[in-house]
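Since the structure comes first, as structure tokens, the remarks are kept for the end.
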Amino acid sequence: MPSTAPVLPVADVTASDAALRRFLHGLPGVDAVGLEARAAALGTRSIKTTAKAFAIDLAISMIDLTTLEGADTPGKVRSLCAKGAAPDPGDPSVPRVAAICVYSDMARVAKEALRGTGIAVASVATAFPAGRAARSVKLADTREAVAAGADEVDMVIDRGAFLSGRYLQVFEEIVAVKEACGPAHLKVILENGELATYDAIRRASWLAMLAGADFIKTSTGKVGVNATPANTLLMLEAVRDFRAATGRQVGVKPAGGIRTSKDALKYLVLVNETAGDDWLDPAWFRFGASSLLNDLLMQRQKLATGRYSGPDYVTVD
């Protein structure tokens, strides 16, 4: 359960660059060998029969079904929205996905296509994926996405500033983007593959949460290393510890490279065993994915009929 009273003096921790640096570098160092060993061990857990069926449906309901390509068209976005709303048109018991994630110029198209479904529109912003733009441009990008109907904004941090140790600059930018989001939820993408060390990922996770992130997200899906069980486990530990310290719960979104039901179920085990079942909900855990839904649908039919349907059973994304 959440802490009844905050114990971390957030205002003091973020009062200056020196205070923020002192706090972030005072976080416990990450035992890389231990972290990877625990992630690997949890990945061997077996989920069978009824529990597997429940987990597959839960994973479907946690997907941010994503298209982030230069060749995206309104037609492709509408098609993706239709798939998210009815993943298997022949089986209305299949859950809807959590959100459709698109570029900001497609947010209005997605909003119209999803009207009445209860599915959120998530839009990437802040000069995604590199984040190389002036803050004024990033804020304008964010406001445009929200004005177009985005319920959630996925921003990228300035990795150059973070890796240079300009923590307060990164913090202030996240705060400004959060304000520009208005009623929309903010997911902060750390781009773990570029942060390089587990210690840096832990610091970036805490920095984003201190700045007001509603979710912390592993990656853009556009670099060589994206979500991994180990870096997601580390972020789950961070949100668990942050809630214990402040009383505020923050979600986690692994993205990039999660393509199979087996992968998804491993991540759900990580969530349950690390953060706890409070996070086993689309409000607090998401998968950023494009092809994962297809495999979950095929595995779901396999449980129901005893045989695989084959790739023709699902649409090609």
Checklist entry - Has the range 74-90 got at least one residue that is at pLDDT below 95 and either closer than 30 Å to Leu207 by Cα or of a type in the set (Gly, Ala, Ser) (or both)? => result yes
Next on the checklist: From the list Thr274, Thr260, Thr220, exactly one residue is under 16 Å from the mean Cα position of the chain (by Cα) and either open to solvent by less than 10 Å² (accessible area, probe 1.4 Å) or in contact (Cβ under 8 Å) with a residue 24 or more places away in the chain (or both). Which is it?
Outcome noted: Thr220
Checklist outcome for this item: Within the range 164-206, the residues that are closer than 17 Å to Val252 by Cα and in contact with a strand residue (DSSP E or B) (Cβ under 7 Å, 6 or more places away or on another chain) are Ile174, Lys178, Ala184, His185, Leu186, Lys187, Val188, Ile189, Leu190, Glu191, Ser205
Checklist entry - For residues in the range 76-135 being of a type in the set (S, T, N, Q) and open to solvent by 30 Å² or more (accessible area, probe 1.4 Å), which is farthest from Asp57 (Cα to Cα)? => result Ser79
Next on the checklist: in a helix (DSSP H, G or I), in contact with a strand residue (DSSP E or B) (Cβ under 9 Å, 6 or more places away or on another chain), within 18 Å of Thr232 (Cβ to Cβ) and small (Gly, Ala, Ser): is that true of Ala39 in this structure?
Outcome noted: no
Checklist outcome for this item: Looking across the range 290-317 at residues that are touching a Lys or Arg at 6+ places or on another chain (Cβ under 7 Å) and within 21 Å of Val77 (Cα to Cα), the single one that is modelled with the lowest pLDDT is Thr315
Next on the checklist: Just to verify a result, which residue in the range 61-75, among those that are over 22 Å from the mean Cα position of the chain (by Cα) and part of a helix (DSSP H, G or I), is surrounded by the most Cβ atoms within 10 Å (Cβ to Cβ)?
Outcome noted: Pro74
Checklist entry - Can you pull out the residues in the range 160-183 that are within 22 Å of His25 (Cα to Cα), open to solvent by 20 Å² or more (accessible area, probe 1.4 Å) and either under 17 Å from the mean Cα position of the chain (by Cα) or not hydrophobic (A, V, I, L, M, F, W, C) (or both)? => result Gly160, Ser164, Arg166, Gln169, Glu172
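The values are calculated or read from the model by the stated rules, or taken from the named source; none is laboratory data. Predicted model, so just to flag it, every value in this text is computed and none were measured. In this analysis, Cβ positions are derived from the backbone assuming ideal geometry, glycine residues included, and neighbour counts consider all displayed protein chains. The protein model used for the area step is the full one, side chains on, heavy atoms only, and it has no ligands, DNA or RNA in it. Shrake-Rupley method; radii C 1.70, N 1.55, O 1.52, S 1.80 Å.
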